[in-house]
């Protein structure tokens, strides 16, 4: 009887331990792997979309960069063209300076010869003068006037062209040079009053022009010729004060000295 009780107790104890062991064992979710896989697929899909979006953005950016490079190249070409055209304009102006300065020197050295030359030029101008066209653009009009000096040597017609240019394009960037060279041409022709007015426009209306010191010098020279020494002195003094290191100032110094002895 006791043996049966002992066996029963042992069996009961073993059953209790087994139950306890089963209760403490970890619970395994058979669906856990499938849930992790679905989340991973979602992450991969999102990452793929982001990469595609980034690739598209990079392609768009590259296209924009290519377009900008093309535009820069076009602008560089336009700049080079404008630089070339500006160089041609400056070269024409340089030639014009040399030609008219040579004419001025001829006037100063040989007045009688200049009168004869002026008469011949006027006769030639009457024969070859063409009417000024109001349809010409600003650049064409200025070039036309310059070419009458440099190519055709038709100084009378050049005066007509420069006057027309100043009338039609008063705000032109060429205006100071146009007024100055018109003054030079009139000076060569002995039209001192008109020449004085043109140089005065350069001095008073175009104070940033590189031709202003030259115009001041010419004003003084004309005023000397007109026997108005007081005005000539003032013009030379203004030139020396405002442009002391200019070539025109160096030419004005001996003239001023001779007037103020």
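Taken over the stretch 214-259, the criterion of being within 34 Å of the chain's Cα centre (by Cα), closer than 19 Å to residue 188 by Cα and in contact (Cβ under 8 Å) with a residue 24 or more places away in the chain is satisfied by 214, 215, 216, 217, 218, 248, 251. Please determine whether any residue of the stretch 176-199 is in the same structural domain as residue 158 (by TED's automatic domain parsing), in contact (Cβ under 8 Å) with a residue 24 or more places away in the chain and outside any helix (DSSP H, G or I). Yes, because at least one residue in the stretch 176-199 is in the same structural domain as residue 158 (by TED's automatic domain parsing), in contact (Cβ under 8 Å) with a residue 24 or more places away in the chain and outside any helix (DSSP H, G or I). Residue-level check: of (1) buried (at least 16 other Cβ atoms within 10 Å of the Cβ); (2) assigned to a helix (DSSP H, G or I), residue 167 misses just (1).
The values are calculated or read from the model by the stated rules, or taken from the named source; none is laboratory data. Source: prediction; values computed, not measured. All Cβ positions, even for glycine, are placed from backbone atoms using ideal geometry, and neighbour counts span all protein chains on display.
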